[in-house]
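Notes to accompany the following structure.
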Amino acid sequence: MTKHGNHKTSVSALMGSAVVDAKGGTFGHVREFAVAPSVDAAHVHGIVIKLASAKRGDRHTLIPVTHLQLTPGGAMQLRETARPAPLPEDDSYLLLERDLLDQQIIDVHGHKVVRVNDVDLVWENWEEGPRENGLALSLRIAEVEVGMRGAVRRLLKGLPKDPVHRISSRFGASCIPWDFVDLIDRDPARRVRLKIEQDRLSKMHPSDIADILEELAPAERHALFISLDEEVAAEALEEVKPKMQQSLIESLDSEQIAGIVEEMDPGAAADLLSELPDERSEAILEEMDPEERQDVEDLLEFSGNSAAGRMTTEYVALPSTATVGQAITALRDFEGDIETITDIYLLDEEERITALIPLVQLVLAKAETPLTTLPQGHIVTCNVDANGRKVAELFDKYNLRSLPVVDHDHKLVGVVHAEQVIALLRATH
């Protein structure tokens, strides 16, 4: 009776295993597992073997998995139609042991950095006996082992499989499904082959990306950061510590940094540039679009510990005569981080605050309703020169979510959000 289905194995279990020819003689031994990410990142394309007849200096041989079959005992055997070929000398393949084992990877599901100890594989469409279903044999990458079980397997590599399985099974599994893994490659020459999946990273909270960046070694950190698009990179850069910010951008040219800085909150961008040498800061500003550059330059004039040094110039302010419909249009057109907006400020002709309208009040109001007729919040402001301690005290005393900053003529010039206060408190403790 023919048995068929799937059969579990691993990189450590197969490494060094014999591959036999169609007549049962030893053809070679397993040295690597080649994956072609651009074609199929979920399966091993071919087994890399060292020929039994190989001489010193001979190149290894690549056998596509579809050219193999498994014997009743589970050994890998060349099919009669197999056509082994030398392993290409270029870096067109991801090699699991060379490029993955012992490497740091991002667990995009768990939002953390881990180290790979082993890779679990599954033989698919495996049959014991003559092939009857017409499906080609395949070797799927199931998950990566990041715990002790995988480490023990590798330590005992080369010993009989049954004892290794018994010993390693004593340790609990700590695995990450292959679908939840993103690879980091420090070698720019292989960037395309190991490109980070942007759709997954862009769904992470910027703080999680920042944590991951801080866990990585410098080379991997740089590889990950330059793979991010400008908006995601800007959000992550705002979350890391100043020293880390400088480390991340030091190898980028001024044009690259300018593209990222333009996506940052103006206050955060000013904080970043203020920590750089004047020559470097000026070069970055020169590459920025005029409007964004002006916002940042204005903020650079203030002390970093003052309210002005902590504020952002991205807020929603309207004339005192504005309606609910105009407020909604302004929110739709707002180009900053809309999640930070909690209130709309009404200003007189001198740009002084006359009213503060909580955003929630717009929900049930009709478009033609004047904003001044809606329930208003208490106006609490601080001067541009107020120090960080004073700002924190105001947030605590009035339970604020945002604090408008006014100049000496009481004109609105910016807003401090709660997240800036939290960052200030963290930096001082």
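Using bins of 10 Å that start at zero, the share of Cα-Cα pairs per bin across the stretch 18-121 amounts to 14, 41, 31, 12, 3, in whole %. Would you look at the GNM of the chain, springs on alpha carbons closer than 10 Å, and say which of 107, 265, 229 moves the most? Most flexible of the set in this elastic network: 229.
Per residue, the accessible area of the stretch 280-429 comes to 58 Å², computed with a 1.4 Å probe over protein heavy atoms only.
Solvent-accessible area of the chain (1.4 angstrom probe, protein heavy atoms only): carbon and sulfur portion equals 49 percent.
Between 244, 357, 148, the Cα set farthest toward the positive side of the dipole of the chain (charges on each charged residue's Cβ, about the Cα centre) is that of 148.
Scaling the Cα radius of gyration of the stretch 227-339 by the globular reference 2.2 N^0.38 Å produces a ratio of 1.15. Taking the chain as a Gaussian network of alpha-carbon nodes connected by springs under 10 Å, the highest mean-square fluctuation of the residues 125, 383, 399 belongs to 399. Using alpha carbons only, how many degrees (0 to 90, rounded to 10) separate the axis of helix 278-287 from the longest principal axis of the chain? Long axis of 278-287 versus the principal axis of the chain: about 90 degrees. Divided by 2.2 N^0.38 Å, where N counts the residues, the Cα radius of gyration of the stretch 306-402 comes to 1.11. Within the stretch 305-368, the trypsin sites (Lys or Arg not before Pro) that combine a DSSP coil assignment with at most 11 other C-beta atoms in a 10 angstrom radius are 366. For the options 93, 398, 315, a Gaussian network treatment of the chain with springs between C-alpha atoms closer than 10 Å singles out 398 as fluctuating the most.
Share of pairwise Cα-Cα distances greater than 19 Å in the stretch 295-354 is 43 percent (whole percent). Other residues with beta-carbon under 11 Å from the beta-carbon of residue 341 carry, at +1 per Lys or Arg and -1 per Asp or Glu, a net charge of -3. When only the Cβ of Lys, Arg, Asp and Glu is charged (+1, +1, -1, -1), the dipole of the stretch 231-350 relative to its Cα centre reaches about 460 debye. Taking the inverse of the mean 1/r over every pair of distinct Cα atoms in the chain gives a Kirkwood hydrodynamic radius of 26.0 Å.
Classify the stretch 348-427 from the C-alpha gyration tensor, please: rounded if a/c falls under 1.5, else prolate or oblate depending on whether a/b exceeds b/c. Judged from the Cα gyration tensor, the stretch 348-427 comes out oblate (a/c at least 1.5, b/c at or above a/b).
The values are calculated or read from the model by the stated rules, or taken from the named source; none is laboratory data. Computed from a predicted structure; not experimentally measured. Don't worry about glycine lacking a Cβ; one is built from the backbone with ideal geometry, like all the others, and counts go over all protein chains shown. Areas reflect the complete protein model, heavy atoms only, side chains present, ligands, DNA and RNA absent. Shrake-Rupley method; radii C 1.70, N 1.55, O 1.52, S 1.80 Å.
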